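I have placed the structure first, in the form of structure tokens, so that the comments after it can refer back to it.
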Amino acid sequence: MIVSENYKRSLVAFTTDMLQSFRKTFIIVFIILGALPIINFIVLISTRISHPEAFITSTNSILGIGFFTMLITLSIAFFVSTCKTEVLSQFVWPINSRVYAVGNFVVMLACALAAVSGVSALLLIEVLPAMILKLVLKDFILVNNLTVQNFIEGFWVSFCHIMFSASFSYFVGMYFFRHKIIIGALALVLANLSSFPAVRAAYSGMYNFIYGKHSSIMLFSLKIWLVILLLHILSYIPLKRMEVRA
Amino acid sequence: MIKRIAMLFAVGIVTGLLSSFITGQQVSVNPGTDMIAVDKSSNIVLDFTGAGIKVEGWDKDEVLINALSPMIDGKYENDRNPGYKIVAEKNNIRLAEYSISGSIVYELETWLPLVQFEKYENQHDGITGISINMNTSSSGYSFLIFAPKDVPLEITADRIKVSSGCTLAHTNAEVAVIEDSNLIKGFTSEGGAVEISNCTINHDSSFRNKTLKMKGNKFVDN
């Protein structure tokens, strides 16, 4: 019970500390993302003023841009977080390898959730000016591709993709920073093997397994979460051997 | 920290749902077609001032007007938000209350990763940012009109493209491209640039255009 209580306390402390360190990154990215629709509308209005006869279409999407930005940001962040200096700075008693592994998984979940939630919240910055322009300009046509269903399904699918991408970066980083030469050489070999049709077909199969066309969101979710868990389990192997500093 | 993430999640979900509610239903700018019966004994007057039109000849005694969607692939439904009205009085066909020209179309897109599912795969054409077209539609033409081949046409529009055996009596446009057509006796052309190729042109035709280009035409006396 005491061990369990300690473990719980360590996990909370670790995840809170990790999330605090992500806060600044999130704020900067969200500010930049929030500015994009505003800039877009300024450009739109100034174009309208300078070319009143022009037919203007705008398909900037905060959900699409936000998704990609958060996917890349979190993938880089989790890759960098596995470098030796970062790991050693976190790996201090009572944080052991189990707390670190579970903590990183929880932090990743929280970050991915915060990413899609934050991007969704920024949607208001895109929608409100569009609604105002629709009221003010009689020639403003708002084509709405957003429905309750595709928003919720997209929220979940985007969350899954961000989790997968961050987990993959975490997994690669965990091995790469521990065995730079071996992993570097292995990456080169694997890249060169793609010239063989059978290997290329295997790569293509793996890619399609994750990113290929899916008929059902349930099936996709099942596959991607299996892969995410597998990536975290594999990432735990090099962690197990690491020592805890006193 | 967990409370903050939970709050952000709640705000995100509420914002997304609210956005999908307040913006309303999907809107179309592609209004569909009009079929107009005409009298073959007199000229057909097409006044589409403010728009770009493509005119093709056919063997029927009617004029068919197809509104081309300003969207690239015409993926929207055809029955909402017409943005124009066709007024037909005998052989005089006029475009009225035209609002597609000079419009801003803002597309509110949903999540990009949904394209990997069958039911959403046609939802996105990618994020293209702001696209400005100085003409009235993405292709430069807002209407595709089919007119009887043997009835002379008098056409006024911002941009005209005529092909497929039309008979022409008059054109007035900033840009006119005329192909495979018959320019009858007394034909007149006014406006900016005109380009005529592979047509039969009566010698008794007059061109009052800023520029005139001709290629592969056959000139006849009558």
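Here are the numbers for this structure:
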| quantity | calculated |
| --- | --- |
| Meets criteria (away from chain B (no Cβ under 14 Å) and modelled with pLDDT of 85 or more) for A:F171 | yes |
| B:A173 being among the small types (G, A, S), farther than 21 Å from B:D61 by Cβ and surrounded by 20 or more Cβ atoms within 10 Å (Cβ to Cβ) | yes |
| Candidates A:V127, A:V148, A:V189 - the one that is surrounded by fewer than 15 Cβ atoms within 10 Å (Cβ to Cβ), within 14 Å of chain B (Cβ to nearest Cβ) and out of contact with any Asp or Glu (no Cβ under 9 Å at 6 or more places or on another chain) | A:V148 |
| The one condition in (1) under 21 Å from A:L231 (Cβ atoms); (2) surrounded by fewer than 13 Cβ atoms within 10 Å (Cβ to Cβ); (3) away from every other protein chain (no Cβ under 14 Å) that A:Y207 fails to fulfil | (3) |
| Qualifying position, being farther than 30 Å from A:G66 by Cβ, within 13 Å of another protein chain (Cβ to nearest Cβ) and either at pLDDT 65 or above or assigned to a loop (DSSP other than H, G, I, E, B) (or both), among B:S41, B:S20, B:S69, B:S101 | B:S101 |
| Positions within the stretch A:9-31 being without any contact (Cβ under 8 Å) to a residue 24 or more places away in the chain and among the β-branched types (V, I, T), in sequence order | A:V12, A:T16, A:I27, A:I28, A:I31 |
| Test for B:D204: is it charged (D, E, K, R) and out of contact with any Asp or Glu (no Cβ under 7 Å at 6 or more places or on another chain) | yes |
| Residue match in the stretch A:189-200 (condition: of a type in the set (S, T, Y) and closer than 23 Å to A:H161 by Cα) | no |
| Given (1) charged (D, E, K, R); (2) without any contact (Cβ under 8 Å) to a residue 60 or more places away in the chain; (3) not in a helix (DSSP H, G or I), index of the condition A:R200 fails | (3) |
| Qualifying residue in the stretch A:69-79 (condition: closer than 19 Å to A:L124 by Cβ and within 23 Å of the chain's Cα centre (by Cα)) | yes |
| So A:S165, is it hydroxyl-bearing (S, T, Y) and within 14 Å of another protein chain (Cβ to nearest Cβ) | yes |
| Members of the stretch A:48-82 found to be closer than 17 Å to A:F151 by Cα, outside any helix (DSSP H, G or I) and at pLDDT 80 or above, listed by number | A:S61 |
| Pair list, Cβ < 6 Å and 6+ apart or interchain, from the stretch A:69-95 residues that are in contact (Cβ under 8 Å) with a residue 60 or more places away in the chain to residues that are crowded, with 18+ Cβ neighbours inside 10 Å and not in a helix (DSSP H, G or I) | A:T82/A:F177; A:C83/A:F177; A:K84/A:F177 |
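For (1) farther than 26 Å from B:F117 by Cβ; (2) modelled with pLDDT under 90; (3) out of contact with any Ser or Thr (no Cβ under 8 Å at 6 or more places or on another chain); (4) of a type outside the set (S, T, N, Q), each residue gets a yes or a no:
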| position | (1), (2), (3), (4) |
| --- | --- |
| A:A187 | yes, yes, yes, yes |
| A:Y203 | no, yes, no, yes |
| A:M206 | no, yes, yes, yes |
| A:I228 | no, no, no, yes |
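The values are calculated or read from the model by the stated rules, or taken from the named source; none is laboratory data. In this text the structure is predicted, and so the values were computed from the model without any measurement. Counting neighbours? That spans all protein chains shown, and the Cβs are built from the backbone with ideal geometry, glycine included.
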